[in-house]
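*Asks:* The structure's right below; bear with me while I get my questions together.
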Amino acid sequence: MPYPTDRQRDRPWVIRTYAGHSSAERSNELFRRNLAKGQTGLSVAFDLPTQTGYDPDDELATGEVGKVGVPVSHIGDMRALFHGIPMAEANTSMTINAPAMWLLALYVAVADEHDAPRATLAGTTQNDIVKEYLSRGTYVFPPAPSMRLITDMIAWSVANIPKWNPINICSYHLQEAGATPPQELAYALSTAMAVLDAVRDSGQVPPERFGDVVARISFFVNAGLRFVEEMCKMRALGQLWDEITRERYGVQDPRQRRLRYGVQVNSLGLTEAQPENNVQRIVLEMLAVTLSRDARARAIQLPAWNEALGLPRPWDQQWALRMQQVLAYETDLLEYEDLFAGSHVVEAKVAELVADARAEIERVQEMGGAVAAVESGYMKGRLVGSLAERRRRMESGEDVVVGVNRFDTTEPSPLQAEGAAAIETVDPATEAAAVEAIRAWRASRDAPAVESALAALRDAAKTDTNLMDVSITCAKAGVTTGEWAGVLRETFGEFRAPTGVSAAIASGEAAGEIGVVRERVRATGEELGSRLRMLVGKPGLDGHSNGAEQVAVRARDVGFEVVYQGIRLTPAQIVAAAVQEDVHVVGLSVLSGSHLQVVPAVVEGLRAAGADDVPVVVGGIIPPEDAATLREKGVAAVFTPKDFRLTAMMNEIVTLIRKVHQLGD
């Protein structure tokens, strides 16, 4: 549908909710229920094994199946996920990155079964691998082959599914990882330039069609509570994108240069304390990306008020959906031209953001571009440092968070009166059922066809052949997610991104408070005969490492020797590292809901290794009932987002170490 003229009422944005959990069948029920409530687009959340290319019966998938999204292991799951949904009419966004080509292949294969013409398929695959190295952690392959997969997808999509957005450049996760607005703009645009350069240089798209490539690049952004600055940020992004696509790539058609972006407002900014305050936070953040017609989002998905507590229920998601519908259909927002045109305040702020972002883009380009800045650790270090500074302002009270570091007197919340029933829970039997189902799938398919398809994929990956068609052949043959990714792991290898911890500058609350804890760390080390050592671990597939990185930085600041090996470790690997490094405490970070499986496995592993004098502490989104269970299983302390004062946390950890070694207070 064409954009309206200034004399017409603007059309509503695509209204989504981010959904999916447990199984393809249950997620399909949720999708159809939300569509019946007036949702106009689907946004599919995949579970972590799917996002990182593992089948449900892989060791690394333990505790993660169906937790933060829907498991899709083969074409049968994709069929079930879209059963009864007309794919020729759907607008589907898929949050998938390293295996984005595979999930798109499954989607196209099922659309073929639906007799949906490929030219009608509309939607988006996230597919921004650079931000995965920097923030979200669901990468698999090294940068060069990852960029090859993205390039192949874009070239194939422009030729075969022209309504599809084959990549979503995600500044969303950069903000959650600590990016300031200029950094968010600069790193997202640097990523877009790296992608466009790769497509252009691949020779897969004729020069005369390069404008079509630019026209299918979309962005996925974050809107925080500083909603005036966030609105200006979006105007700045549109200005910079128009400039880059015109001057760097020579795109003359202004329609192809138009900024196309979708939004989820800030989820990690939602609070566990007084979570009812999250409702107004979400609404205000939504205004940042809707008020300005010239920079209005074309798709929006909102989190639910209780996402800091756990998985939202259908009712919670309905509330978030209704927020969008009230703004789009009850207010007069869409009836006016841009409300801020000619505002000297807005124009000055936009100019400031553009100038600061340009300067950072130039620094990244001088290093060789976004991929080089990832491999060197430059961008990750900058983000970890920015997030440490943001935490310092919150911990000192310089930045007010209502209900957390100010105005924290509260009444009991009727929204939480149900306790554990106030969030959706995934039946523990879900994982066992998925394991049984994947084994039955493998046993029932045409084995020679699978082997032939995988051999063709393996051979093609060793050449410069576009991998989309062979991936679709694999999908139709019944290949699994783990098998597709496994072949490419064999060919491309795997990657561990820099953590950024060593590059982050020291930060924290008042120097006096850090000094007191640092003295306790020093004295305790002297009493034990060695400097205190802390292992910070991320068990399982949860790649959201921001919290773990900030804990590691603060532990280092107060004098601990810190062992932090990054994300995606098995409990056995964490235990082995703890024993080898002879650490005094193990700190685990889990945000995916797998804590009841992976954390006790570490505790039991330490006991079996004779290291039961090493206390284990855990932090994450952990309901009170689960926290009690973890303590019963031997966990020494449980920290949740309300425990935001990291130096006080370090002090408590020193006390635990002293208690274990009977050193007294």
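The values are calculated or read from the model by the stated rules, or taken from the named source; none is laboratory data. Owing to the predicted nature of the structure, the values given are computational and were not obtained by experimental measurement. So basically every Cβ, Gly included, is an ideal-geometry build from the backbone, and we count neighbours across all protein chains shown. Please note that ligands, DNA and RNA were not included when accessible areas were found on the heavy atoms of the full protein model with its side chains. Shrake-Rupley method; radii C 1.70, N 1.55, O 1.52, S 1.80 Å.
*Asks:* Scan (1) in a loop (DSSP other than H, G, I, E, B); (2) at pLDDT 90 or above; (3) open to solvent by 10 Å² or more (accessible area, probe 1.4 Å) for the single condition His544 breaks and write down its number.
*Replies:* (2)
*Asks:* For the range 331-368, which residues satisfy the criterion of being assigned to a loop (DSSP other than H, G, I, E, B) and surrounded by fewer than 18 Cβ atoms within 10 Å (Cβ to Cβ)? Let's see the steps before the verdict.
*Replies:* Within the range 331-368, the first condition is being assigned to a loop (DSSP other than H, G, I, E, B), and the residues that meet it are 331-332, 336-343, 367-368.
Within the range 331-368, Thr331, Asp332, Tyr336, Glu337, Asp338, Leu339, Ala341, Gly342, Ser343, Met367, Gly368 meet the criteria.
*Asks:* Shifting gears a bit: What are the residues in the range 606-618 that are open to solvent by 20 Å² or more (accessible area, probe 1.4 Å), not in a loop (DSSP other than H, G, I, E, B) and not charged (D, E, K, R), if any?
*Replies:* Listed by number, the list holds a single entry, Ala608.
*Asks:* Thr499 passes all but one of (1) in contact with a strand residue (DSSP E or B) (Cβ under 8 Å, 6 or more places away or on another chain); (2) at pLDDT 90 or above; (3) in a loop (DSSP other than H, G, I, E, B); which number fails?
*Replies:* (2)
*Asks:* Further question on the same structure: I need every pair where a residue in the range 122-134 that is aliphatic (A, V, I, L, M) has its Cβ under 9 Å from the Cβ of a residue that is part of a strand (DSSP E or B) and open to solvent by 10 Å² or more (accessible area, probe 1.4 Å), sequence separation at least 6 or different chains.
*Replies:* Correct list of pairs: Ala122/Asn91; Ala122/Asn165.
*Asks:* I'd like to know if the range 625-640 contains one or more residues that are on the phi > 0 side of the Ramachandran plot and either open to solvent by 10 Å² or more (accessible area, probe 1.4 Å) or in a helix (DSSP H, G or I) (or both).
*Replies:* Pass one, the range 625-640, residues on the phi > 0 side of the Ramachandran plot: 634.
Okay, now just the ones that are also either open to solvent by 10 Å² or more (accessible area, probe 1.4 Å) or in a helix (DSSP H, G or I) (or both), so 634.
Looking through the range 625-640, at least one residue is on the phi > 0 side of the Ramachandran plot and either open to solvent by 10 Å² or more (accessible area, probe 1.4 Å) or in a helix (DSSP H, G or I) (or both).
*Asks:* Okay, moving on. Just name the residue that is nearest to Arg281 (Cα to Cα) out of those in the range 214-249 that are open to solvent by 40 Å² or more (accessible area, probe 1.4 Å) and outside any helix (DSSP H, G or I).
*Replies:* Leu225
*Asks:* Using the structure shown, decide if Val583 is within 22 Å of Ser545 (Cβ to Cβ), in a loop (DSSP other than H, G, I, E, B) and not small (Gly, Ala, Ser). Steps first, answer last, please.
*Replies:* Details: within 22 Å of Ser545 (Cβ to Cβ): yes; in a loop (DSSP other than H, G, I, E, B): yes; not small (Gly, Ala, Ser): yes.
For Val583, the condition - within 22 Å of Ser545 (Cβ to Cβ), in a loop (DSSP other than H, G, I, E, B) and not small (Gly, Ala, Ser) - is met.
*Asks:* Still on this structure, I have one more. Based on this model, can you work out whether Ala417 counts as open to solvent by less than 70 Å² (accessible area, probe 1.4 Å) and under 25 Å from Trp319 (Cα atoms)?
*Replies:* Numbers: open to solvent by less than 70 Å² (accessible area, probe 1.4 Å): no; under 25 Å from Trp319 (Cα atoms): yes.
Judged against the criteria, Ala417 is not a match.
*Asks:* Please work out which one of (1) part of a loop (DSSP other than H, G, I, E, B); (2) surrounded by fewer than 22 Cβ atoms within 10 Å (Cβ to Cβ); (3) hydrophobic (A, V, I, L, M, F, W, C) is the condition Val140 fails and give its number.
*Replies:* So Val140 meets the others, but not (2).
*Asks:* Assuming Val158 fulfils every condition listed in (1) in contact with an Asp or Glu (Cβ under 8 Å, 6 or more places away or on another chain); (2) crowded, with 24+ Cβ neighbours inside 10 Å apart from one, which condition is it?
*Replies:* (2)
*Asks:* If a residue must be farther than 16 Å from Leu606 by Cα and either touching a Lys or Arg at 6+ places or on another chain (Cβ under 7 Å) or of a type in the set (A, V, I, L, M) (or both), how many such residues does the range 624-636 contain?
*Replies:* So the count comes out to 2.
*Asks:* Right, next: Of the residues Ala88, Ala98, Ala105, which single one is more than 25 Å from the chain's Cα centre (by Cα) and among the hydrophobic types (A, V, I, L, M, F, W, C)?
*Replies:* On the way: Ala98 fails: more than 25 Å from the chain's Cα centre (by Cα); Ala105 fails: more than 25 Å from the chain's Cα centre (by Cα).
The unique qualifying residue is Ala88.
*Asks:* State whether the residues of the range 124-135 include one that is surrounded by 24 or more Cβ atoms within 10 Å (Cβ to Cβ), within 18 Å of the chain's Cα centre (by Cα), of a type in the set (Asp, Glu) and not in a helix (DSSP H, G or I).
*Replies:* The answer is yes; a qualifying residue exists.
*Asks:* Considering only residues that are touching a Gly at 6+ places or on another chain (Cβ under 8 Å) and in a loop (DSSP other than H, G, I, E, B), which ones fall in the range 397-435?
*Replies:* Once the filter is applied, which keeps residues that are touching a Gly at 6+ places or on another chain (Cβ under 8 Å) and in a loop (DSSP other than H, G, I, E, B), the range 397-435 yields Asn405, Thr410, Ile423, Thr425, Val426.
*Asks:* Looking at Glu436, Glu389 in this structure, which one is open to solvent by 80 Å² or more (accessible area, probe 1.4 Å) and of a type in the set (D, E, K, R)?
*Replies:* Working: Glu389 fails: open to solvent by 80 Å² or more (accessible area, probe 1.4 Å).
Criteria check complete, one pass: Glu436.
*Asks:* Sticking with this one: With respect to Arg458, is the statement that it is among the charged types (D, E, K, R), in contact (Cβ under 8 Å) with a residue 12 or more places away in the chain, open to solvent by 60 Å² or more (accessible area, probe 1.4 Å) and under 23 Å from Ser22 (Cα atoms) true? Let's see the steps before the verdict.
*Replies:* Values: among the charged types (D, E, K, R): yes; in contact (Cβ under 8 Å) with a residue 12 or more places away in the chain: yes; open to solvent by 60 Å² or more (accessible area, probe 1.4 Å): yes; under 23 Å from Ser22 (Cα atoms): no.
Judged against the criteria, Arg458 is not a match.
*Asks:* Of the residues Ala198, Ala236, Ala177, which single one is more than 18 Å from Lys349 (Cβ to Cβ), at pLDDT 95 or above and small (Gly, Ala, Ser)?
*Replies:* Numbers: Ala236 fails: more than 18 Å from Lys349 (Cβ to Cβ); Ala177 fails: at pLDDT 95 or above.
Every option except Ala198 fails the conditions.
*Asks:* Listed residues Gln662, Gln573; which is assigned to a helix (DSSP H, G or I) and of a type in the set (S, T, N, Q)? Steps first, answer last, please.
*Replies:* On the way: Gln662 fails: assigned to a helix (DSSP H, G or I).
Criteria check complete, one pass: Gln573.
*Asks:* Quick one: Val404 ticks every box in (1) closer than 30 Å to Pro56 by Cβ; (2) in contact with a Ser or Thr (Cβ under 8 Å, 6 or more places away or on another chain) except a single one, so which number is it?
*Replies:* (1)
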